[in-house]
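The values are calculated or read from the model by the stated rules, or taken from the named source; none is laboratory data. Everything numeric here is computed off the predicted structure, so don't read it as measured data. Note that each Cβ is placed from the backbone with ideal geometry, even for glycine, and that neighbours are counted across all protein chains shown.
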Amino acid sequence: MSLSKFKRNYYGYFFITPFIIGFLIFGLYPVYNTLALSFTDTTLMSKNADFVGLKNFTRLFADDVFMNAVKNTWIIWILNFIPQIGIALLLSAWFTNARLKIKGVGVWRALFFLPNLLVPASVAALFFAFFSFYGPVNQFMVRFGFLPEAMHYLQSVPITRGLVVFIQWWMWFGQTVIIVMAGMTSIPVSLYEAAMVDGATAAQMFRRITLPLLKPILIYIFVTSLVGGMQLFDIPFLLTDGRGSPSSSIQTNNILMYMKFASSKGHIGAASSVGVLIFLMTSICALGIFYFLRDKDNSEIDKSARRFFFKKKSA
Amino acid sequence: MFNNYRLATNIQRVFAYAVLFILLVITIVPIWLLIVNATRSTTEIQQGLSILPSTHLVENYNILLGKGLDLPRGFGNSTFLAVASTIVTVYFSMLTAYGIVVYEFKGKQFFSNFIVVLVMIPMQLSIIGFYQYMSKLGLTDNYAALILPLIANAGGVFFGKQYLESIVMQDLIDAARIDGASELAIFHQVMMPLAVPGAATMGIFAFVASWNNFFNPFILISSLEKYTLPMLVQTLRGDVYRTEFGAIYLGLAATVVPIIIIYAFFSRYIISGIAIGAVKE
């Protein structure tokens, strides 16, 4: 390496410096500050704050409220993730199936993706309007005789929770289809041809070729969806009263954090401790799944898949 | 045998189209009803469902304004914030990504992996510490608190890196160097023009992310005149509008229609951009 080239490579630091400074000021310090606050009884109203050790955390575990929020968040995420990935695999298999020749794949995909772009706050308010007592859903159900009389949907725990799950599914399945399909189309056709020569059935090919080669993509979807799902806020916040009603059944982690933050005294110490715990829970799950699943396998086909999708990173 | 095979394929095809059609109805009907109801009067909405628009758009708009919902200002605020966020995200993400892709420096691989980890960590959960810190700096109720953090947008850098790796031409950079261009000038004058398609895709995502963001402005912004559209949506849930269904639908439609229009023009960019983070071609 010549000297000038060596010197020139220092420009790499020059180009990434703004990012690093921005990250230290707006990324890392707030994380540190949140952690520091979580050990204090700081409120927005008082000037003085005392170090209280783990009191905020023990208090969170002492009552059911925190565990209930964690439970709700996981239930809502899992229930929407399963149909999301299921439908995405099904549609992608159809869209890439040379025998079926589905027409207008691009248009279907584009339309299914549309809800993902809409303002989540508006989507929640929209479904609130639809399912309110005088809303169109009641009109429809009563007029066509599905219900004898109008009902309060948003006072029922299963219906409200189901609605949050549905909205999340509705907003995200199109995006998952696009990613899964991109993964499927990048699997070499020669693999399927070879399998067909060997007399493999469609189901066998899906299980033995498609799924293993899709694994990195599926992990990516799983991790990004989990990270997003654990921070769910807009939809459950605006679908009912902002406190997770009915019976706190859609009170998620972030809603709980917000409620502590926005309480009359503004307990930001306690709110921070919620943030810290969810941060730890999500990061450990996400990074754990990502690295554990990605590096565990040794079979030949998985290695090729890794080479295929993670060329640089696994090197 | 051959006919059976064809029959089976045809049955499967019909089934597939039926499922696709049902999914399409589920996807489109809520959005369509939203737009239609924005043009109908409250009386019409209470009388029953309709899939055809009516003529009360202006009336609904006047009701909204009459109740003090400043839709034009919210629109302006959201637009300003989204445009500024887009510019900051695209410029700084491309700058960082260019540094990673073009130069060989010590710690490059570490930095690169670090970006991937940052993408997978819920940084948003430090919002409380962020809020308190911003209030010490006097930046609460200030758009700067929403825009400046985007200088370090890990998702943007990750996307930019994937994109630049596919287009960077070392020869072109070397040629510019021989012509005496500085490294920064090469980035601005040689690389950025080449990277326009990737920058546009990233820009659309940055725009939509800012436009749709509710949580951060909701925590950080307090004065009514700085409210963004999603924050105005939250006020629409209040008692003042309880019976004004047409106006509520219009308020909601106003937040989503601009995005639908952008999507109609740029859907190709958007769809091709989604998979970039996941699949390396």
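Summary table
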{"item": "Restricting the stretch A:91-110 to residues that are within 9 Å of another protein chain (Cβ to nearest Cβ) and at pLDDT below 90, the residue that is nearest to A:Phe173 (Cα to Cα)", "result": "A:Asn97"}
{"item": "Identity of the residue in the stretch A:245-280, of a type in the set (Ser, Thr, Tyr) and either touching a Lys or Arg at 6+ places or on another chain (Cβ under 9 Å) or surrounded by 24 or more Cβ atoms within 10 Å (Cβ to Cβ) (or both), that ends up nearest to the other protein chains (Cβ to nearest Cβ)", "result": "A:Ser272"}
{"item": "Test: residue in the stretch A:40-54 that is over 30 Å from B:Leu146 (Cβ atoms), in a loop (DSSP other than H, G, I, E, B) and touching a residue at least 40 places away in the same chain (Cβ under 8 Å)", "result": "yes"}
{"item": "Residue within the stretch B:171-184 that is buried (at least 21 other Cβ atoms within 10 Å of the Cβ) and in the same structural domain as B:Val88 (by TED's automatic domain parsing) present", "result": "no"}
{"item": "Which listed residue is in contact (Cβ under 8 Å) with a residue 12 or more places away in the chain and within 30 Å of A:Ile87 (Cβ to Cβ), from B:Leu23, B:Leu49", "result": "B:Leu49"}
{"item": "Odd one out for B:Phe114, checked against (1) modelled with pLDDT under 95; (2) assigned by TED's automatic domain parsing to the domain that holds B:Gly156; (3) surrounded by 21 or more Cβ atoms within 10 Å (Cβ to Cβ)", "result": "(3)"}
{"item": "Enumeration of residues in the stretch A:13-60 that are under 33 Å from the mean Cα position of the chain (by Cα), surrounded by 13 or more Cβ atoms within 10 Å (Cβ to Cβ) and small (Gly, Ala, Ser)", "result": "A:Gly22, A:Gly27, A:Ala36, A:Ser38"}
{"item": "Test: residue in the stretch B:161-168 that is more than 13 Å from chain A (Cβ to nearest Cβ), surrounded by 18 or more Cβ atoms within 10 Å (Cβ to Cβ), part of a helix (DSSP H, G or I) and in contact with a helix residue (DSSP H, G or I) (Cβ under 9 Å, 6 or more places away or on another chain)", "result": "yes"}
{"item": "Candidate set from the stretch B:119-152 (those that are in contact with a Lys or Arg (Cβ under 9 Å, 6 or more places away or on another chain) and of a type outside the set (Asp, Glu)); member that is surrounded by the most Cβ atoms within 10 Å (Cβ to Cβ)", "result": "B:Ile128"}
{"item": "The listed residue being out of contact with any Phe, Trp or Tyr (no Cβ under 9 Å at 6 or more places or on another chain) and at the interface with chain A (Cβ under 9 Å from one of its Cβ atoms), out of B:Ala206, B:Ala275, B:Ala264", "result": "B:Ala275"}
{"item": "Checking B:Tyr269 against (1) within 10 Å of chain A (Cβ to nearest Cβ); (2) closer than 21 Å to B:Gly203 by Cα; (3) at pLDDT below 90, the condition it does not meet", "result": "(1)"}
{"item": "Unique residue being modelled with pLDDT of 90 or more, under 24 Å from the mean Cα position of the chain (by Cα), over 18 Å from B:Pro230 (Cβ atoms) and not basic (Lys, Arg) when the list is B:Leu125, B:Leu95, B:Leu34, B:Leu81", "result": "B:Leu95"}
{"item": "Output for the stretch B:222-238, where each listed residue is touching a helix residue (DSSP H, G or I) at 6+ places or on another chain (Cβ under 7 Å) and assigned to a loop (DSSP other than H, G, I, E, B)", "result": "B:Tyr227, B:Thr228, B:Arg237"}
{"item": "Filtered residue count, the stretch B:22-39, keeping only those that are closer than 20 Å to A:Trp172 by Cβ and at the interface with another protein chain (Cβ under 8 Å from one of its Cβ atoms)", "result": "8"}
{"item": "Failed item in (1) at positive phi; (2) modelled with pLDDT of 95 or more, with B:Val88 passing the rest", "result": "(1)"}
{"item": "Test: residue in the stretch A:153-173 that is over 30 Å from B:Gln46 (Cα atoms) and either more than 7 Å from chain B (Cβ to nearest Cβ) or surrounded by fewer than 20 Cβ atoms within 10 Å (Cβ to Cβ) (or both)", "result": "yes"}
{"item": "Pairs with Cβ under 7 Å, 6+ apart, first in the stretch B:120-137 and within 7 Å of chain A (Cβ to nearest Cβ), second acidic (Asp, Glu)", "result": "none"}
{"item": "For A:Ile82: the one exception among (1) surrounded by 19 or more Cβ atoms within 10 Å (Cβ to Cβ); (2) at pLDDT 95 or above; (3) within 28 Å of A:Ser245 (Cβ to Cβ); (4) aliphatic (A, V, I, L, M)", "result": "(1)"}
{"item": "Residue check, B:Ser93 surrounded by 13 or more Cβ atoms within 10 Å (Cβ to Cβ), closer than 30 Å to B:Asn142 by Cα, assigned by TED's automatic domain parsing to the domain that holds B:Ala199 and not acidic (Asp, Glu)", "result": "yes"}
{"item": "Breaking point among (1) free of Cβ contacts under 8 Å to residues at least 40 places away in the same chain; (2) buried (at least 20 other Cβ atoms within 10 Å of the Cβ), for A:Val123", "result": "(1)"}
{"item": "Members of the stretch B:209-240 found to be more than 10 Å from chain A (Cβ to nearest Cβ) and either buried (at least 24 other Cβ atoms within 10 Å of the Cβ) or modelled with pLDDT under 90 (or both), listed by number", "result": "B:Ser210, B:Thr235, B:Gly238, B:Asp239, B:Val240"}
